[in-house]
Each structure stands twice: as C-alpha cells, then as structure tokens.
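Accompanying notes for the structure given below.
The values are calculated or read from the model by the stated rules, or taken from the named source; none is laboratory data. Nothing here was measured: the structure is a model prediction, and the numbers come from that model. Don't worry about glycine lacking a Cβ; one is built from the backbone with ideal geometry, like all the others, and counts go over all protein chains shown.
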Amino acid sequence: MNPRDTRYDCLFEPLAIGPVTAANRFYQVPHCNGGGYRDPSAVAEMRRIKAEGGWGVIFTEQVELHHSSEITPFIELRLWEDKDVPMLARMADAIHTGDALAGIELAYSGINGPNLYTREIPLAPTALPIRTFTNDPVQARSMTKRDIKNLRRWHRDACIRARDAGYDLICLYGAHGFGAIQHFLSTITNQRSDEYGGSLKNRARLLEELVSEARDAVGDTVGITVRMSLDEANGEYGFSNDDLREMMSLHGDLPDLWDFAHGAWEDCSATSRFKEEAAQESLITGLRELTSKPIVGVGRFTSADTMVRQLKNGILDFIGCARPSIADPWLPRKIDEGRIEDIRECIGCNICVTGDMTMSLSRCTQNPTFMEEWRKGWHPEIIQQRGASETVLVVGAGPAGLEATRALGERGYEVVLAEAKTQTGGRVTLESQLPGLSAWARVRDYRDYQISQMSNVNLYLDNKLTASDILEFGFEHVALATGAHWRKDAVARYHTHAIPNDSSIPTFIPDELMRGAAVPAGKVLVYDDDHYYMGSVLAEQLVAAGNEVILITPASLVAQWTVNTLEQEKIQQRLLALGVDMQPNTALLAINSGKATLSSSLQSQSLQVEFDAVVIVAGRRANDGLWLELLSTEKQWADAGVQSIKCIGDCEAPAPIAWATYAGHRFARELDTELCATNSVVPFRRELVQLSE
C-alpha cells in the first residue's frame, strides 16, 4: 500500500452541509438498484459496503413519500407510514457503520406516478396525461389549494419519519422529470394562473415552502438538500439552465446543499457511447457563484484527476457518483490508500440501470458482487481463502475467464489461464474497438493488471488446448470459458430455423467485421434480431466506411432492449443523423439469386431487394466443442486427477458481458463449497413477506 498522492488531498477535506459535516468530498448520489421495498436488506448491505469503502455521503434511491404517488411497476423504497421506518432505519444504520452521512431522497412523483398499485388519482400542477416510460393511459388531475396544502404536510410527515429513521440529510427530489418541485418549476407541467403558476417566482413558491417547512420539521440536526435539473432539455417550455440560474439568484441559499442532475434520466445517465466523463460541466459551471451553499454534480467520474479539477476550479464542492460507486464501492478508499490502479472503473454500459428498468436486481459489468453483498455474502474486496483443493485450469481469457482467474487467484489457488489467441479480453477486446465502446476495454484492463500482480497465477497466450491436453495436465478443477460466436443462419427470436441462403450476396456476422473483414462497397443490409447494441454499432461503423446502410429489425423499435439502458432514443437519433435507413417490424426471410427477401409484419406481401452485402446480427452459438468432448470422457476424469470440469460464461449460454463476469466470479466463489455441487437449494438469501394477521 502506498501513501495517498498529495494531489488528491482536497478530495479528503471535510465540508459542512448545514448542521452536519461530511468527512470528505465523495458523495454517492441517490441511485436505484432494483431492490427497493422488496429487498431492503440487500439494499442496506450494498450501501454499508460503500460506507466501508470511504464515501463521505451515501444516499438511498428515491423514496416514495406518500401512497398517493407511486411508480409501480418500478420497485422503489417507500416511506408512506410509520411501518416503513424500520426498513429505512436498517439502511441508515448500515451507512453509519462507516464514517459516512446517511442521506434519504424523498420523492413525490406526481405526474410521473401512475399509481397502478394504490389506484389513487394522480395529482399534478396541471391536469395532463401521466408522463411515464410506458406511456400509461392515465391522466392526473390539477391540484387544488387544499391538495397543495396536503402535499406540504405529507412532505413534513415524511421528513419527520426520515429523521426518526436516523438520516443526517434529506434530499427533496426535483430532477430527471421526477418530483413535484420540478413539475411546479417547469411550464411544461405547470400551466397554473394562481400564485403557484405564471412567473418563475410563483413557480418556485412550492420549492421555498417545502424546504423551509422541512427544516422546521426536523430542527437543526438534519441537513436539507434539493436535487434539481440543470436543464430540463425539453424544448421552449422546459425548465432551462437560464431558468435555473435565475431561480438560484432568488433562492441561492435556500437549502443546505444543491444537488444537480441533467434533464431526464436518459440525459443525466447517458452511456459512455454518447457522453464522456464530466459531460455536465458546461451546464454547472458558474452556479457556484450564485450560492454560499455547497453544490454536488455528477458526470460518471472515474478519474481522480478529473475529480480534483472539479474542486480546484470551483465547479463543484462534492464529487457526485452513482454508477462509479457501483462499479467500485471502495473507490474513495483506494485513492486514499494510493491504490488508484486497483479501481474498477465504470465503463458506462448502464447494465446497472437495466435492473431498475426491468424490475429486477441490478447488475454491474465491472463489479459482479453488486446486489449480491447480502444475498450471497459476496464482498467486492474480500473473498474467502481457497478450499481443500489447490489447482485450477481456466481455458479462455475473455471476461468470464479473466474474472474467474482473478477471483481464484485472490482465494489462493494455483491457477493457469490458457488463451488460444495472442491477447486477452475475448469479445471485450473486439467490441471495445467499435464506435463509442472504447471504455469497455476497462473490463479486460482491470483484470489483466490484477492478475499480473499474482505470483500464483500463470497466463499462457497463443495456447489452444485439446481435451487430451487438459486431462494430461491433471488440474483438480477446470473452468471452460471459451466464449461464443455469432450465427450466420439468422436463427434467433424471429427465426428458430436457418433461413435459405444461396451465398449469392456476401454475408457477414459481427465477429468477421470486428476482425477486419472487408465488406464490399455499396448498399449493405444489417439485419438485427439481437435487439441490443451490436446492430446499431455495426451500422455506424459501416456508414463511416462509406457504405449506404439499411437496418431492419423484426422488433417495433431499433435496438429495442436499449430502452433499458436509456439509450434507445439516442441510438435512433444517431443513426438517423448518419443517414441509416431504419425499418422496424421487418425481417430477413431469405437470400437467393442476388436478392434479399424482406417481410414486414405490418404487411402481407414480401419484398425482394438487391444488396451488395448483408450483415446478420441474430443469435450466438456457444463455443462448447471442447466441453462436449470432455464430457464424453467423464469416466476418465478421476483417473486423470480431475475433480470437476465446468463450462462458464458465453460458452455455457451467450449473454451480455455482465453475465460473463458474474459467471466467472460465481465459479471462483463457489469452488470447494457446498454450492459447487448441483442441488435444489436456493443459492442466495431472500427477503420474505410477513403475512398479516
């Protein structure tokens, strides 16, 4: 361990937030995780480990403060009544095990709350249809003066409950399109003509009342913060950056801290494909001059030098992080201990966001222990020592193999990692060369470095093994992480059998393009039945090479699953700007006689079109030949000294990279444990509902 670099000393200076003081400038802003009220212990333990990792401020996700505004089907925390206090107190207590302030973000979603569970009529400044991800066919009614008075009371009640639960900071949520504060400030959602509408001063009235009354409710022991949008990014009626500056000139010292986010969630948490680190800097610069209170902002900060610049240049007082705190909960501690090279840097893929969007527990590509801290007892930095056996062979140095090797090495096994190619990384190395995906190489680079520091791990490149080789070596355990490859026959979701293809049009798969295959110049068809990022990224690459690109997909949206990573709209906008002809609801049926047969699900007739090349992005096949060959020799394993052979990652079942790193980590964690064997025991803890009497 090295002493902290003095360049980073400013990151560890304490700073007051109203009546409480943060130990340093690392501020984990509120972030969702797919756990909420369903998995409160899992959420609490996840935050506790961040406290252990040195964060000065740690917030909950958004917490619904009243039953008249909830966002089912999304699973968030709730503070509707006193019964909810113990659940939230558990999280505050967990955060307080470290030297961190516990913060709670209170949200009244209003026009963003369809109330599908409570069946209450949604309330909004002005009667309009509900503004949700799923365009629910529900409308909110305009709030009366009595409703506004009730809203203020509900906020006060929630603040008191939050204080009683042990929170040091209360954040009133008014960003990302969520929160009554933003709805009243924005003329998109506030078209009132009374004292709460019209001028900016009137539209800010509720903000002023809520902050003042929150402070009165909790006294001088809890800090009150406000989370605001830097720019609603929603046209002429939206709450703009100029509006924010004008509002702060009127109320600059109202809360104890300003917490700034940008636009909708899609704008604020854009993937690395569309936004660089510190992307919000231009919008936030100068706001510091409008208040004497500290400010925090976000920007997927992964570089300690960038963090320091934010403080030194007076842009921010606290470094706000959500995704980087997920990728590495110990990020502050590693900077403090002079271990910057050990930080698992966020790659900005937004797999973490998909947990919330799919109402499941979040994952992280870089940190496979995320949301498994309580369920499986997985700590991101501490792992149990090896079991009874000693040696492991890992075949394949892609994301699954690299993570398995890293974690096995940490446990103390003697590990050999054999890779058939001349470099590590597998699919990560190939995909990180595609447009906008360079940050994904961090998955490989972090693990390469960690493995290079281990004397008990040996890496052999350009080393393709056979089944005979593996049995001859006599390792006690073998993990096969040989990956997968894209199918050229178009089998995926729309087609479950191969399409006719007489090879009259040059046909390519992503693997070939990523390895530099030359696509004939001219008109190229990209057929996407994968629905994640690959089809759109390859279309972008082909346009850059000078091709005319037509992208078709059987789905109703291009790159449909990226709705869950908050980038579908951005992908479509980029392809439109590049001149890509996008045709959803369209499938590739066949390739015959130099023509591709296309069929629209919206029309009965098919269409034959001439192309110079076709790129098929459909399903993937596991590279499981070695596994099947070894499986056929299972009776010989014991004589060869082999106790187990397991297929992991894409070679077991192809999936996104986060699934591969998880599979590698799980193999390493469970080796030599009871969970290593196949049995019917649920391999994680669950929070079960208590039946009412």
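For region 216-230, which positions are among the β-branched types (Val, Ile, Thr) and surrounded by 15 or more Cβ atoms within 10 Å (Cβ to Cβ)?
First pass over region 216-230, keeping only residues among the β-branched types (Val, Ile, Thr): 218, 221-222, 224-226.
Of everything in region 216-230, those that are among the β-branched types (Val, Ile, Thr) and surrounded by 15 or more Cβ atoms within 10 Å (Cβ to Cβ) turn out to be VAL218, VAL222, ILE224, THR225, VAL226.
Could you figure out which of (1) out of contact with any His (no Cβ under 9 Å at 6 or more places or on another chain); (2) in a helix (DSSP H, G or I); (3) in contact (Cβ under 8 Å) with a residue 60 or more places away in the chain isn't true of ASP445?
Every condition holds for ASP445 apart from (3).
Within the group ILE347, ILE315, ILE382, ILE326, which residue is part of a loop (DSSP other than H, G, I, E, B), out of contact with any Leu (no Cβ under 9 Å at 6 or more places or on another chain) and either at pLDDT 95 or above or within 23 Å of TYR37 (Cβ to Cβ) (or both)? Quick ask: steps written out before the conclusion?
Values: ILE347 fails: out of contact with any Leu (no Cβ under 9 Å at 6 or more places or on another chain); ILE315 fails: out of contact with any Leu (no Cβ under 9 Å at 6 or more places or on another chain); ILE326 fails: part of a loop (DSSP other than H, G, I, E, B).
Sole residue among the options that is part of a loop (DSSP other than H, G, I, E, B), out of contact with any Leu (no Cβ under 9 Å at 6 or more places or on another chain) and either at pLDDT 95 or above or within 23 Å of TYR37 (Cβ to Cβ) (or both): ILE382.
For region 96-118, does any single residue satisfy the condition of being among the acidic types (Asp, Glu), more than 24 Å from ARG215 (Cα to Cα) and at pLDDT 95 or above?
Checked against the condition, which is being among the acidic types (Asp, Glu), more than 24 Å from ARG215 (Cα to Cα) and at pLDDT 95 or above, region 96-118 yields no hits at all.
Need the failing condition index for SER282 against (1) among the polar types (S, T, N, Q); (2) more than 30 Å from GLN541 (Cα to Cα); (3) in a helix (DSSP H, G or I), just the number.
(2)
Okay, residues lined up against (1) touching a strand residue (DSSP E or B) at 6+ places or on another chain (Cβ under 9 Å); (2) closer than 29 Å to ALA44 by Cβ; (3) without any contact (Cβ under 8 Å) to a residue 60 or more places away in the chain:
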site	(1), (2), (3)
MET359	no, yes, no
GLN385	no, yes, yes
THR391	yes, no, no
GLY409	yes, no, yes
VAL416	yes, no, yes
LYS421	no, no, yes
VAL428	no, no, no
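Which numbered condition trips up LEU602, out of (1) modelled with pLDDT under 95; (2) over 31 Å from the mean Cα position of the chain (by Cα); (3) buried (at least 16 other Cβ atoms within 10 Å of the Cβ)?
All conditions are met except number (3).
Give me the pairs: first residue in region 1-28 and assigned by TED's automatic domain parsing to the domain that holds ASP256 and part of a loop (DSSP other than H, G, I, E, B), second residue of a type in the set (Ser, Thr, Tyr) and surrounded by fewer than 17 Cβ atoms within 10 Å (Cβ to Cβ), beta-carbon distance under 7 Å, and six or more apart or on different chains, which are they?
PRO14/THR21; PRO19/THR221
Find the helices (runs of 4 or more DSSP H) located wholly in region 454-554 whose residues include 3 or more that are within 33 Å of the chain's Cα centre (by Cα), and list them.
Details: elements: 467-473, 510-514, 534-544.
The qualifying helices (runs of 4 or more DSSP H) are 510-514, 534-544.
In region 492-527, what residues are in contact (Cβ under 8 Å) with a residue 24 or more places away in the chain, aliphatic (A, V, I, L, M), farther than 16 Å from ARG427 by Cβ and touching a Lys or Arg at 6+ places or on another chain (Cβ under 9 Å)? Before the answer, list the steps.
Filtering region 492-527 down to residues in contact (Cβ under 8 Å) with a residue 24 or more places away in the chain leaves 492-495, 499-511, 513-515, 519-527.
Filter once more, so that each one left must be aliphatic (A, V, I, L, M): 492, 499, 505, 509, 513-514, 519, 521, 524-526.
Among the residues that remain, those that are also farther than 16 Å from ARG427 by Cβ are: 492, 499, 505, 519, 521, 524-526.
Passing the criteria: ALA492, ILE505.
Please verify whether region 423-436 includes one or more residues that are crowded, with 19+ Cβ neighbours inside 10 Å, more than 23 Å from the chain's Cα centre (by Cα) and in the same structural domain as TYR662 (by TED's automatic domain parsing).
yes
Check PRO86, PRO73 and return the single one that is surrounded by fewer than 23 Cβ atoms within 10 Å (Cβ to Cβ) and at pLDDT below 95.
Numbers: PRO86 fails: at pLDDT below 95.
Just a single option satisfies the conditions, and that option is PRO73.
Being among the polar types (S, T, N, Q), buried (at least 20 other Cβ atoms within 10 Å of the Cβ), more than 30 Å from VAL394 (Cα to Cα) and out of contact with any Ser or Thr (no Cβ under 6 Å at 6 or more places or on another chain) is true for just one of THR507, THR496. Which residue is that? Even if it seems obvious, please write down each step before you answer.
Numbers: THR496 fails: buried (at least 20 other Cβ atoms within 10 Å of the Cβ).
Selected residue: THR507, the only one of THR507, THR496 that is among the polar types (S, T, N, Q), buried (at least 20 other Cβ atoms within 10 Å of the Cβ), more than 30 Å from VAL394 (Cα to Cα) and out of contact with any Ser or Thr (no Cβ under 6 Å at 6 or more places or on another chain).
Could you check, for region 559-567, whether at least one of its residues is surrounded by 21 or more Cβ atoms within 10 Å (Cβ to Cβ) and over 25 Å from SER362 (Cα atoms)?
So the first thing to find is which residues in region 559-567 are surrounded by 21 or more Cβ atoms within 10 Å (Cβ to Cβ), and the list is 559, 562, 565-567.
Among the residues that remain, those that are also over 25 Å from SER362 (Cα atoms) are: none.
There is no residue in region 559-567 that is surrounded by 21 or more Cβ atoms within 10 Å (Cβ to Cβ) and over 25 Å from SER362 (Cα atoms).
Taking only pairs six or more apart or across chains, which ones have beta-carbon atoms under 7 Å, a first residue in region 231-255 that is buried (at least 16 other Cβ atoms within 10 Å of the Cβ), and a second residue that is assigned to a loop (DSSP other than H, G, I, E, B) and among the β-branched types (Val, Ile, Thr)?
Here the result reads ASN234/ILE188; GLY238/ILE188; MET248/THR291; GLY252/THR291, each pair linking region 231-255 to a residue that is assigned to a loop (DSSP other than H, G, I, E, B) and among the β-branched types (Val, Ile, Thr).
Matching residues to (1) buried (at least 16 other Cβ atoms within 10 Å of the Cβ); (2) in a helix (DSSP H, G or I); (3) at pLDDT below 95:
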| position | (1), (2), (3) |
| --- | --- |
| TRP627 | yes, yes, no |
| ALA638 | no, no, no |
| ARG669 | yes, yes, no |
| LEU688 | no, no, yes |
| GLU693 | no, no, yes |
